[in-house]
1. If we scan region 176-194, do we find a residue that is touching a Lys or Arg at 6+ places or on another chain (Cβ under 8 Å) and of a type in the set (Val, Ile, Thr)?
2. Out of Gly270, Gly299, which single residue is buried (at least 24 other Cβ atoms within 10 Å of the Cβ), in contact (Cβ under 8 Å) with a residue 60 or more places away in the chain and within 24 Å of Gly28 (Cα to Cα)?
3. Go through region 1-41 and give me each residue that's among the small types (Gly, Ala, Ser) and part of a strand (DSSP E or B).
4. Looking at region 340-351, is at least one residue touching a residue at least 40 places away in the same chain (Cβ under 8 Å) and part of a loop (DSSP other than H, G, I, E, B)?
5. For Pro87, only one of the following conditions fails: (1) touching a Pro at 6+ places or on another chain (Cβ under 6 Å); (2) at pLDDT below 95. What is its number?
6. Identify, please: which residue in region 238-257 is farther than 25 Å from Val161 by Cβ and not in a helix (DSSP H, G or I) and is, among those, farthest from ligand 3 (Cβ to nearest atom)?
7. Could you look through region 282-296, keep only residues that are surrounded by fewer than 24 Cβ atoms within 10 Å (Cβ to Cβ) and in contact (Cβ under 8 Å) with a residue 40 or more places away in the chain, and pick out the one that is farthest from ligand 2 (Cβ to nearest atom)?
8. Output the residue which, of all residues in region 45-78 that are over 20 Å from the mean Cα position of the chain (by Cα), surrounded by fewer than 18 Cβ atoms within 10 Å (Cβ to Cβ) and within 21 Å of Val16 (Cβ to Cβ), is nearest to ligand 1 (Cβ to nearest atom).
Amino acid sequence: MYKITVLPGDGIGPEVTAQATRVLAASGRRMGVEFCFREALIGGAAYDAAGHPLPEETLALCREGDAVLLGAVGGPKWDQLPVHLRPEVGALLPLRKKLGVYANLRPARVFPALAGASTLKPEVVSGLDILVVRELTGGLYFGEKKREDIPGGQRVTETLVYTTEEIRRVARRAFELAGKRRKKLTSVDKANVLESSRLWREVVTAMAVDYPDVAVNHMLVDNCAMQLVRNPRQFDVLLTENLFGDILSDQAAQLTGSLGMLPSASLGDGTALYEPIHGSAPDIAGRQLANPVAAILSGAMLLRYSCGLEEGAAAIENAVTAVLEQGYRTADIMEPGKRQVGTAEMGRLIAELVGEK
Ligand code: NAD
Ligand code: IPM
Ligand code: MN
């Protein structure tokens with residue numbers, strides 16, 4: 001039996017995690033494996049109920065489970081709270097840090113049925129299969145911050161810290177993953193300006209000799225942003241630091257048709273965390289408009305990386321492919337002639353296929 005901690009969170013978080021757990025349960029039935037889902041509060045929902053966005057009980061449940069599945073946190077209701085109580089800074093970042101999940105895998109794959117759903121031309125995106133490996137527990141997100149009054153206004157300081165070892169451990173994951181894919185690693189930085197990027201580049205360059213089968217190149221982040229829309233299929237694995245990875249992965253998501261398609265796995269040395277890369281989408285929350293596929297595919301990654309259940313992971317990915325082939329679409333990926341369905345209906349269609357042997 002696998003114990004999965006489920007953190008629905010805010011906005012569309014509960015809507016999409018409900019479908020992800022439904023699909024995971026169906027995969028369990030298919031494989032004869034039992035999952036025990038234990039829900040806990042996080043984010044604005046936790047602040048409202050318990051006065052803190054990351055309650056101790058939530059953290060404890062995450063630590064003792066086999067994996068954590070998270071929806072999303074945040075929303076306008078909590079944007080004015082003191083920063084340490086805000087869902088993002090008070091819950092999500094500390095959760096990632098405390099679980100030590102330094103390597104965030106964000107695969108951007110264009111499903112054949114969705115080649116026309118992107119805002120880019122089908123001939124630019126069809127067949128696209130990129131893996132963004134984003135460093136997740138360092139950089140500007142976690143550096144010291146300071147705000148001071150000075151004559152005429154204020155002065156803020158944000159610090160960006162990386163150690164050699166922090167770069168090495170995430171790079172190692174990226175090299176290993178590239179070795180199992182098309183053997184191409186692009187390390188993205190801003191080495192023409194930032195000292196942290198120069199260290200990043202040195203570390204990755206030095207490691208490359210240990211992975212002779214992986215072709216490595218370095219690219220400046222501004223160029224990479226442009227290349228992602230010019231010719232995204234040149235990329236296999238993109239390795240980058242925390243903030244660059246945040247931005248580039250949302251951009252990569254849109255190549256696949258929607259932010260609602262991109263799952264993620266955040267891996268460290270202990271319990272791993274799985275979440276769609278999108279946020280709480282307050283603009284569509286509560287209306288069954290959210291695409292649950294990113295959350296569902298995060299469940300597939302959970303089976304693959306935390307349970308070693310490749311069969312279940314593949315069953316989920318194949319079911320998503322099949323349901324899209326059948327023409328079902330949520331609003332974000334809707335095209336003329338297709339059948340629009342809501343969040344729960346999309347989840348049900350996928351779960352049904354997964355449950356069939
Ligand atoms: P967002 O990702 O929530 O939404 C951006 C746009 O994409 C919106 O138009 C939204 O409707 C759409 N979208 C997102 N997910 C979708 C889905 N599954 N299906 C269909 N459409 C989808 O980003 P935002 O609006 O900038 O942020 C909203 C809140 O979410 C903020 O409070 C932010 O801090 C938070 N956030 C949380 C996470 C997280 O918990 N991991 C990630 C990103 C943003
Ligand atoms: C993401 C989100 C988070 C991040 C925010 C909500 C802290 O945008 O998971 O991509 O920047 O990491
Ligand atoms: Mn983001």
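1. No: zero hits.
2. Checking each option against the conditions leaves just Gly299.
3. Selection gives Gly9 alone.
4. The answer is yes; a qualifying residue exists.
5. (2)
6. Gly257
7. Gln288
8. Ranking the candidates gives Pro76 first.
The values are calculated or read from the model by the stated rules, or taken from the named source; none is laboratory data. As the structure is a computational prediction, the values presented were derived from the model and not from experiment. Quick reminder, even Gly has a Cβ in these numbers, built from the backbone with ideal geometry, and neighbours come from all protein chains shown.
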